[in-house]
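Undergrad: Attaching a single structure in structure tokens format; questions to follow.
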Amino acid sequence: MTLALPAPPVPEPKRSTLVATALAVAAGTAFFGSLLGVYLQVRDDALDALRADHAANPTVVVRFLPAEVTVPEIATNTMLLTLVGAALLAQWAVYAMKRGERRQTAVALVLCAVFGLATLNSQAYTWAQMGVAIDDAGAFGTVFYASTGAFAAAVVVGVVHTAINAFRSFGGRYSATDTEGLAANALVWYFVLAAYTALWFAVYVNK
Amino acid sequence: MTTIDTTSETVLAASDREEAAATLEGVAGWTSTVDHVRIGGLFAGSALLATLGVFVLGGIWGIERVDASDALLGGAAGQVGSLYWYGLAFAAVTPLLVGVAIAVVPLQLGVPAIAFPRAAALSYWGWLFGAVVMVGAYIADGGPGGGVDEAVDLFLAGLVVVTGALTLGAVCLAATVLTARAPGMGLLETPAFAFSSLVYASALVVLLPMVAAKAVQLYVDHRYGGPAFGGTLGIGPNLDWSFLQAANLVHAIPALGLLGEVVPVIAGRRQPMRPVLLVGLGLGAFAVIPAAFQGVFILDVPSGTAVFTILQRLAMYALTALLPILPFLVVLGAVGLCLKGARPRIVSAFVFALAAVLMTWVGALAGALTPIDDLPGGALAGTQFQAGQANYALLGALLAGLGGLAWWGPKLWGRHSADAPLVGFAGLALIGVVLVSLADVIAGFLDQPLNDPAFEVDGPHALLAVAYTAGQAVLFLAVAASALVFWRGARRGEPTGDDPWGGHTLEWAMPSPPGSRAAETAMVTTPEPLLDRAADGDR
């Protein structure tokens, strides 16, 4: 027998896209946290070993980066600023759509995607400039490419996410009262920015 | 529509399309489905098949250990043992629990679809693809310790796909509970199993990406690198934490939720102190904290250690080894209150759930011993004791999955399964879990090294290996027989009513099997809406 329950009011829209994106960001945080945690652990172990060697032989240099490898700091710092810009642009898209400014929203989303592509370009440049030989750089090569490669993949996800939202925006999917997808897009870029900030400090500043 | 497109309109549109898709027969209907009941069924069915395969491997692994050599399998012995563990954790237990939750939770919440139905479908197909790749990699001499480099890489890639897909399923599940509840249903009114599914999914969202991150590093290292992590032989030591203590206790959360769901119904009363039960379920999330250490935190306090350091280490021990015990105490206390003075009906789901909670609890208690470095018989970390702990936790959680199918099966497929045989099979499965796990625990006390078939230590190891093998055989029989009962029930069982158990929660107000729009008329204001309705009817 089916029990008849009272009819409910019409449910209000819930922010499932934003919540799911927040959950995905939590997953991404765990992913990058694990990558960087292992990076720092490997770095500490390597430096401890080098310090011991240095105590026995002062000519041994205590340095996690392989010899001859330098970090192109202009490129890595520019990447950070570019990602700050991408996050601001993504937020601008939300702001503009809430005010019904579709043209501004389109400009913001396109620029956001371009900033993402510029970040990928900077990452590729950084790889080329550093010239770390993955099979000849010891533990550094593994953890460096795993971390920076995962970051590049996160940027690709951000660019694709922005492109999808841009097309949905062009198609009239969003309105002044429905900006949830755009807010989710901004959340993705805040996450990418936060992930890179941690990566930038651990890998490029702390070295 | 993309997989991230889930406004209420598009979810309903998905339901509309599902009605159209339901007209597709056979393979086409199942492969194109976005119906959460079917997706959950695919997960659970595939996981049960994988479970049977895992028990065959476990049996072979046990036979190999009888004479403390690798005479039967030779160089493949380590990989068979390894495939048993990765299969049990990522091809059997996790997908079974996720599948049951995907099928049941939207019904409990009174919503017509899971949030992001296409993403949920992608989660299943992605998991299946990744799992097949992993098994294929093992067959091609890959996996941890494998001899073919490309196959080892393939295993790691497959593991990344599996963990990514299961994470996606967990995101869908958590998003459903957080955003798609029936009107009036707050989180405190959420059914116990749905609440535990939220906690479990949230824990998986944290745990599985950590496993994926480690697999990515190992992949880069093995395929291109130095290697920094020990090459193919370093994969196991770097990755086995994903199914050993304490990551495995995460899977106890749905077992606790199932017990909290079933007990009030069979006791025929409301759950007393329900918020306490929910707090207990929420505490299950603490199990993910020790997993972040990616290994056992060893409690090592040599003489002369500073007091502050000792306190620090004791605090870490409490956090990683004692805290996971707490949710069991709270939930068992809460359901004990519910059972006090009641005369509960004994149904198979209750036996499965109780066995699951007891076994995972023993796993948590065993986990409290593992980190202690200064035990009288020597440290247990690195011995087969850890395998025993993992078997208690993972096999216990597996029983919860079977219990979920026994409880909600009649709802999902609209027909009765024979419950009396299932009670027997639940008891049989409990015996199997004890045989397998206890044999490993005792072997650990006898210093048998972890997951090493060729060991050289004294003791009745042959007897323990026989007990272990017998346990795997018993488990195979119990799971195969239970699956057969489910299958026969689904195909030929008597049509069931909407509420065969006298349930308290919303899913039992729907027709059996549920239609895609069946729950749209629900208004919920308490945790037991059907009990309220029945009480109103009596007045």
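Undergrad: With the structure loaded, tell me whether A:Ala106 is assigned to a helix (DSSP H, G or I) and touching a Lys or Arg at 6+ places or on another chain (Cβ under 9 Å) or whether it fails that test.
TA: Answer is no for this residue.
Quick grid of which residues meet (1) at positive phi; (2) at pLDDT 90 or above; (3) buried (at least 20 other Cβ atoms within 10 Å of the Cβ):
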position: B:Val485; (1), (2), (3): no, yes, yes
position: B:Arg492; (1), (2), (3): no, yes, no
position: B:Glu507; (1), (2), (3): no, yes, yes
position: B:Pro511; (1), (2), (3): no, no, no
position: B:Gly515; (1), (2), (3): no, no, no
position: B:Ala522; (1), (2), (3): no, no, yes
position: B:Thr526; (1), (2), (3): no, no, no
position: B:Arg533; (1), (2), (3): no, no, no
position: B:Asp536; (1), (2), (3): no, no, no
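Undergrad: Could you figure out which of (1) buried (at least 17 other Cβ atoms within 10 Å of the Cβ); (2) more than 14 Å from chain A (Cβ to nearest Cβ); (3) modelled with pLDDT under 90; (4) assigned to a helix (DSSP H, G or I) isn't true of B:Ser437?
TA: Here B:Ser437 meets the rest and fails (3).
Undergrad: Please specify each residue of segment A:167-188 satisfying the condition of being aliphatic (A, V, I, L, M) and at pLDDT 95 or above.
TA: Scanning segment A:167-188 gives A:Leu182, A:Ala183, A:Ala184, A:Ala186, A:Leu187, A:Val188.
Undergrad: Still on this model: Kindly provide the set of residues from segment B:80-100 that are surrounded by 24 or more Cβ atoms within 10 Å (Cβ to Cβ), aliphatic (A, V, I, L, M) and over 17 Å from B:Leu249 (Cα atoms), ordered by number.
TA: B:Leu83, B:Val100
Undergrad: Related question: So, B:Phe243, is that one more than 15 Å from the chain's Cα centre (by Cα) and either buried (at least 23 other Cβ atoms within 10 Å of the Cβ) or away from chain A (no Cβ under 14 Å) (or both) or not?
TA: It is false that B:Phe243 is more than 15 Å from the chain's Cα centre (by Cα) and either buried (at least 23 other Cβ atoms within 10 Å of the Cβ) or away from chain A (no Cβ under 14 Å) (or both).
Undergrad: Among the helices (runs of 4 or more DSSP H) confined wholly to segment B:183-279, which include 1 or more residues that are over 26 Å from B:Gln386 (Cα atoms)?
TA: In segment B:183-279, the matching helices (runs of 4 or more DSSP H) lie at B:192-223, B:252-267.
Undergrad: How many residues are at pLDDT below 95 and more than 16 Å from the chain's Cα centre (by Cα) if we restrict to segment A:133-164?
TA: 11
Undergrad: Looking only at segment A:63-78, which residues are acidic (Asp, Glu) and surrounded by 10 or more Cβ atoms within 10 Å (Cβ to Cβ)?
TA: A:Glu73
Let's see how each residue does on (1) within 12 Å of chain A (Cβ to nearest Cβ); (2) farther than 15 Å from B:Gly336 by Cα; (3) modelled with pLDDT of 90 or more:
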residue	(1), (2), (3)
B:Asp221	yes, yes, yes
B:Tyr224	yes, yes, no
B:Gly268	no, no, yes
B:Val276	no, no, yes
B:Ala287	no, yes, no
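Undergrad: Those residues that are of a type in the set (Lys, Arg) and either over 21 Å from B:Val34 (Cβ atoms) or free of Cβ contacts under 8 Å to residues at least 40 places away in the same chain (or both), I need them from segment B:160-219; list them, please.
TA: The one that is of a type in the set (Lys, Arg) and either over 21 Å from B:Val34 (Cβ atoms) or free of Cβ contacts under 8 Å to residues at least 40 places away in the same chain (or both): B:Lys214.
Undergrad: Suppose we filter segment B:314-345 for residues that are at pLDDT below 95, more than 13 Å from B:Phe286 (Cβ to Cβ) and among the β-branched types (Val, Ile, Thr); how many remain?
TA: Matching residues across segment B:314-345 total 0.
Undergrad: Hey, can you tell me all the residues within segment B:82-98 that are small (Gly, Ala, Ser) and either in contact with a Gly (Cβ under 9 Å, 6 or more places away or on another chain) or outside any helix (DSSP H, G or I) (or both)?
TA: Once the filter is applied, which keeps residues that are small (Gly, Ala, Ser) and either in contact with a Gly (Cβ under 9 Å, 6 or more places away or on another chain) or outside any helix (DSSP H, G or I) (or both), segment B:82-98 yields B:Ser82, B:Gly87, B:Ala91, B:Ala92.
Undergrad: Can you name the condition, by its number, that B:Leu375 falls short on among (1) out of contact with any strand residue (DSSP E or B) (no Cβ under 9 Å at 6 or more places or on another chain); (2) touching a residue at least 24 places away in the same chain (Cβ under 8 Å)?
TA: (2)
Undergrad: Can you find a residue in segment A:49-67 that is assigned to a helix (DSSP H, G or I), closer than 24 Å to A:Val203 by Cβ and modelled with pLDDT of 95 or more?
TA: There is no residue in segment A:49-67 that is assigned to a helix (DSSP H, G or I), closer than 24 Å to A:Val203 by Cβ and modelled with pLDDT of 95 or more.
Undergrad: Going through B:Ala103, B:Ala120, B:Ala140, B:Ala77 one at a time, which residue ends up being at pLDDT 90 or above, away from chain A (no Cβ under 14 Å) and surrounded by 22 or more Cβ atoms within 10 Å (Cβ to Cβ)?
TA: One residue alone meets the criteria, B:Ala103.
Undergrad: Shifting gears a bit: Would you be able to say whether some residue in segment A:172-181 is part of a helix (DSSP H, G or I), within 12 Å of another protein chain (Cβ to nearest Cβ) and touching a residue at least 60 places away in the same chain (Cβ under 8 Å)?
TA: Yes; the residues of segment A:172-181 include at least one that is part of a helix (DSSP H, G or I), within 12 Å of another protein chain (Cβ to nearest Cβ) and touching a residue at least 60 places away in the same chain (Cβ under 8 Å).
Undergrad: Moving on to the next point. Restricting to segment B:137-161, what's the tally of residues that are assigned to a helix (DSSP H, G or I) and of a type outside the set (D, E, K, R)?
TA: Residues flagged as assigned to a helix (DSSP H, G or I) and of a type outside the set (D, E, K, R) within segment B:137-161 amount to 13.
Undergrad: Still on this model: So how many residues does segment B:413-433 have that are in contact with a helix residue (DSSP H, G or I) (Cβ under 6 Å, 6 or more places away or on another chain) and under 27 Å from B:Trp508 (Cα atoms)?
TA: 11
Undergrad: Any chance you could count how many residues in segment B:282-296 are under 26 Å from B:Gly409 (Cβ atoms) and either more than 15 Å from the chain's Cα centre (by Cα) or not in a helix (DSSP H, G or I) (or both)?
TA: 0
Undergrad: Working only within segment A:123-149, note down all residues that are within 18 Å of A:Leu80 (Cα to Cα) and buried (at least 23 other Cβ atoms within 10 Å of the Cβ).
TA: Across segment A:123-149, the qualifying residues are A:Phe144, A:Ser147.
Undergrad: Let me ask another. Name the residue, out of A:Val157, A:Val188, that is within 14 Å of another protein chain (Cβ to nearest Cβ), within 18 Å of A:Leu83 (Cα to Cα) and surrounded by fewer than 17 Cβ atoms within 10 Å (Cβ to Cβ).
TA: A:Val157
Undergrad: A further question on this structure: Sort out which residues of segment A:52-62 are within 33 Å of the chain's Cα centre (by Cα) and surrounded by 14 or more Cβ atoms within 10 Å (Cβ to Cβ), and write them in order of number.
TA: Correct list: A:Val62 only.
Undergrad: Report, by residue number, each residue of segment B:60-74 that is of a type in the set (A, V, I, L, M) and at pLDDT below 85.
TA: Residues satisfying the conditions are B:Val66, B:Ala68, B:Ala71, B:Leu72, B:Leu73.
The values are calculated or read from the model by the stated rules, or taken from the named source; none is laboratory data. Bear in mind the structure is a predicted one, so any value in this text is a computation, not a measurement. We place every Cβ from the backbone using ideal geometry, glycine too, and count neighbours over all the protein chains shown.
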